Amino acid sequence: MSEKRVALVTGASRGIGAAIADNLVETNHQLIGTATSRNGVDQIERNHPGHKALVLDVMDEDSIKRFCDELNSLGLSPSVLVNNAGITRDNIMLRMKPNEWSDVVAANLNSVFLLTRHFLKSLVKQRFGRIINITSVVAHSGNAGQANYAAAKAGVIGFTKSLAREVASRGITVNAISPGFIDTDMTGKLTGAQREAILGQIPVGRMGEAKEIAAAVGFLASDDASYITGETLHINGGMHML
């Protein structure tokens with residue numbers, strides 16, 4: 001890669017998103033990172049001075065529109081889009097409230113559609129693009145208490161495959177990464193017993209590291225991955241094999 005490409009990473013202030021941002025900056029991308037709060041934006045800017053960070057609530061269509069308008073006004077047009085931001089609202093189906101369903105679908109699936117749709121025209125015009133969507137192992141295996149999350153993440157996979165067929169001839173690749181259990185703030189809240197139960201399901205005997213997901217994103221964003229599209233890369237330590 002000779003020129004510095006602009007890479008947009010949603011949910012870039014912590015966890016997997018922060019590791020992805022680190023990787024893309026290290027591989028000579030100009031970063032646009034998003035966070036839901038001003039504190040998160042400040043964190044991204046501290047980690048990556050000279051790069052751009054903006055507030056974005058991926059659950060809110062108006063916030064997405066304001067964000068896209070701001071990028072347009074700044075003359076920033078990403079050629080790499082990493083749809084990473086998401087939420088969970090876990091509950092068993094008998095108790096799941098309609099807003100727990102709709103919020104998770106809005107954050108994890110609708111946002112992928114809205115952001116991708118906004119930037120797609122410029123990618124087509126550039127005749128280059130890398131769209132990388134972060135899904136989850138539960139999209140394939142299912143998980144009790146996560147019907148909303150599993151459904152949204154499975155939708156991301158269908159979206160990825162369909163869009164890949166539409167834009168492959170324009171030099172744009174569209175792929176997904178499906179992490180298993182990764183050592184982040186979220187999994188840090190597990191009890192010792194819960195952690196042991198999970199590790200018992202993972203053949204490699206440990207949780208993954210955020211930097212391992214980020215390395216895969218870095219590869220899919222590179223020129224070396226130009227012949228890979230419509231794929232889902234599973235990174236779960238052998239927990240779920242297809």
Using only the alpha-carbon atoms of the chain, report the extent along each of the three principal axes, biggest first, to the nearest angstrom.
-> 49, 36, 36
How far, in degrees from 0 to 90, does helix 111-126 lean away from the longest principal axis of the Cα atoms of the chain, to the nearest 10?
-> 30
Accessible surface of region 12-162, 1.4 Å probe, proportion on carbon and sulfur as whole % | 50
Go ahead and set up a Gaussian network model of the chain, Cα springs under 10 Å, then flag whichever of GLN30, GLN194, GLN43 fluctuates most.
-> GLN194
What list of whole percents do you get for P(r) of region 1-124, with Cα-Cα distances grouped in 10 Å bins up to the one holding the largest distance?
-> 13, 44, 31, 9, 2, 0
Expressed as a rounded percentage, what relative contact order does the chain have, with Cα pairs under 8 Å and six or more residues apart?
-> 20
Measure nothing but the geometry: give the 0 to 90° angle between the long axis through the Cα atoms of 147-167 and the longest principal axis through the Cα atoms of the chain, rounded to 10°.
-> 30
At a Cα cut-off below 14 Å, give the aspartates and glutamates reachable from LYS4, other chains included and same-chain residues fewer than 8 away excluded.
-> GLU26, ASP223
Helix 61-74: angle to the longest alpha-carbon principal axis of the chain, degrees 0 to 90, nearest 10?
-> 30
For region 1-55 and region 125-167, write down the distance between their C-alpha centroids in whole Å.
-> 21
Could you pull out the pairs from LYS65/LYS211; LYS52/LYS161; LYS189/LYS211; LYS125/LYS211; LYS65/LYS125 whose alpha carbons sit more than 26 Å apart here?
-> LYS65/LYS211; LYS52/LYS161; LYS125/LYS211
Tell me, what is the percent relative contact order of region 1-87, built from C-alpha pairs under 8 Å that lie six or more residues apart?
-> 35
Can you spot the aspartates and glutamates whose alpha carbon is less than 16 Å from LYS121's alpha carbon? Ignore those fewer than 8 places along the same chain.
-> ASP69, GLU166
For ASN72, net neighbour charge (Lys/Arg +1, Asp/Glu -1) across residues whose Cβ lies under 15 Å away | +4
Can you list the residues, at least 5 places off or on another chain, whose amide H is less than 5 Å from the amide H of THR232, using H built in the peptide plane?
-> ALA176
Around LEU120, what is the net charge, scoring Lys/Arg as +1 and Asp/Glu as -1 over all other residues with Cβ under 10 Å from its Cβ?
-> +3
Loop chymotrypsin sites (Phe, Trp or Tyr not before Pro), region 54-134, which have at most 16 other Cβ atoms in a 10 Å radius of their Cβ (DSSP) | PHE128
Phi angles of region 184-189, converted by Karplus (6.51 cos²θ - 1.76 cosθ + 1.60, θ = phi - 60°) into ³J(HN,Hα) in whole Hz with x for Gly and Pro, give 9, 4, 5, 6, x, 7
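The values are calculated or read from the model by the stated rules, or taken from the named source; none is laboratory data. Computed from a predicted structure; not experimentally measured. In this analysis, Cβ positions are derived from the backbone assuming ideal geometry, glycine residues included, and neighbour counts consider all displayed protein chains. Note: areas computed on protein heavy atoms with side chains; ligands, DNA, RNA excluded. Shrake-Rupley method; radii C 1.70, N 1.55, O 1.52, S 1.80 Å.
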